[in-house]
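The structure appears below as structure tokens.
We did not get these values from a lab; they are worked out from the coordinates using the rules stated. Remember, predicted model here, so these are calculated numbers, not experimental data. Every residue, glycine as well, gets a Cβ built from its backbone with ideal geometry; the counts of neighbours run over all protein chains shown.
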Amino acid sequence: MSFRKQMIATVVGLTILGLLALALMPSPVPVSATLVRQDVFIESIEDEGRMRLRDIYSVSAPISGYLRRVELEPGDAVAADQVLFELEPLPAPALDPRSRGQARESLAAAQAHLEEAEANLSARQTEYELARTEYDRSETLHRRQLISSEERGRRLAQRDAANASARAARHSVEVARFELESARALVEIAAGKRAPGDHPVLGVRAPIDGVVTQRHRCCEGPVQSGEAVLEIGDLDALEVKVDLLSVDAVRVRPGMRVTLERWGGEDALDGQVRRVEPAGFEKISALGVEEQRVPVWVEIVTPRARWRHLGDGYRVEARFILWEGEDVVQIPTSALFRHLDRWAVFVADEGRARLRTVEVGRRSGLWTQITIGLEPGEIVVTHPGDRVHDGGRIAVEVRPYA
């Protein structure tokens, strides 16, 4: 074989070996990456909250009675000392047929008793007029000395006795008339209806200026003492109640800044912690996990005009600001992993992944502060998988991390 043919065979063989090695070489691992940024860092706790009235006034019936229809509806404004609803006396219970018959007989007897008393009064008045006339005549005769003083005194006593009998007869008529009215009222309400006429009415008044938030009773009917009818409150005194996990609540302090988001408006609202309650409670999460929660109350400091459409029970997202810093180096938390009991990341360097250990600081949601190990502008792999290793080839796709 000539030298030229040997050279051609050698080149072809090397080419085949190179193509074969290139075919067997592993391809770069596609990864998502983002830039290490230096920006404002806020460590916070986020949880769901509900709008609550600081003071709820439950207006109830002070006595048992008959409630008139409540005209006020939720959302209606009320003024202090305004009548909210009215109570009447309870109607008498309905009577059975036997009791109803007895009531009618009692009414007839009371009518007859009144007529008897009126007739007796007429007779007593006639006797009094006769006794008074005889006494006046005796006075004239006594002045003329035609009758004795004893006769004059006897006729005076007869006149006074007749007057007393007439007064007693008048009182008997009044008693009979009252008995008749009582019997008539019993017959009139025998079917359980309220008797006609004027009834004493008790008006229950508003304790404060505010808005009706709930109406427990609207229609007329019997109501028991202490039964709630309306709830009113001052919407300007709305605040937020957030049930935080106990491990988060211990980091919250009164006066701490809070931002309220996703409440339905365009801009977040500003607030501050008013109180962290000293006692917690157990709550079962949607996943069936037992959690210890602590109520935290947040006062809204943003002017009321910006959130005037919020009401009692509305949902908000509360973000408690634990710490805030400027020009903080930070990366996505998903880029971190444990390596030899230390935190580490993969840094993209000229198409290869470089393992680098780092020191972490504060965490806040999806981002973590880096104190040592990274510089702003470097590229880190956000979700390193099992195929990524130190020195391995990677195909980097840099994208913003939300």
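Taking the number of Cβ atoms within 10 Å of each Cβ as an exposure proxy, the fewest-first ranking of 171, 142 is 171, 142.
Among 64, 172, the order by Cβ neighbours within 10 angstrom, fewest to most, reads 64, 172. Max-minus-min Cα coordinates of segment 283-402 on each principal axis give 58, 36, 25 Å, with the largest extent listed first.
Full extension of the segment from residue 363 to residue 17, taken as 0.36 nm per residue of separation minus the current Cα-Cα distance, would add 119.4 nm. Give the residue from 123, 305, 345 lying farthest towards the positive end of the charge dipole for the chain; charges sit on Cβ (+1 for Lys and Arg, -1 for Asp and Glu) and the dipole is referred to the Cα centre. Farthest towards the positive pole: 345. What translational diffusion coefficient, in µm²/s and rounded to a whole number, does the Stokes-Einstein relation yield for the chain at 20 °C and a viscosity of 1.002 mPa s, taking the hydrodynamic radius as the Kirkwood radius over Cα pairs? Approximately 67 µm²/s, per Stokes-Einstein. Dividing the Cα radius of gyration of segment 96-191 by its Kirkwood radius returns 1.34 for Rg/Rh. Compute the angle between helix 97-143 and the longest alpha-carbon principal axis of the chain, please, reported from 0 to 90 degrees and rounded to the nearest 10. The helix 97-143 is inclined about 40 degrees to the chain. Here the label points at residue 253 and residue 275, each 7 Å from Cα along the C-beta direction, are separated by 2.0 nm in the simple model. Its Cα centre serving as origin, the chain has a Cβ charge dipole (Lys and Arg +1, Asp and Glu -1) of approximately 640 debye. In this label model, residue 266 and residue 342 are separated by 5.0 nm, measuring between points 7 Å along each Cα→Cβ vector. For the chain, the longest principal axis of the C-alpha atoms and the axis of helix 3-24 are separated by about 20°.
The H on the amide N of residue 85, modeled in the peptide plane, is under 5 Å from the matching H of 204, each at least 5 residues off or on a different chain.
So how tilted is helix 149-188 from the main axis of the chain? Cα-based, degrees 0 to 90, rounded to 10. The angle comes out near 30 degrees.
Let me know the shape class of segment 39-97, please: from the alpha-carbon gyration tensor, a ≥ b ≥ c as square roots of the eigenvalues, rounded when a/c is under 1.5, otherwise prolate if a/b is greater than b/c, or oblate. It is prolate, given that a/c is not under 1.5 and a/b is the larger ratio. Are there GluC sites (Glu not before Pro) in segment 226-279 that DSSP puts in a loop and that have at most 14 other Cβ atoms within 10 Å, and which ones? Within segment 226-279, the qualifying GluC sites (Glu not before Pro) (loop, at most 14 other Cβ atoms within 10 Å) are 227, 266.
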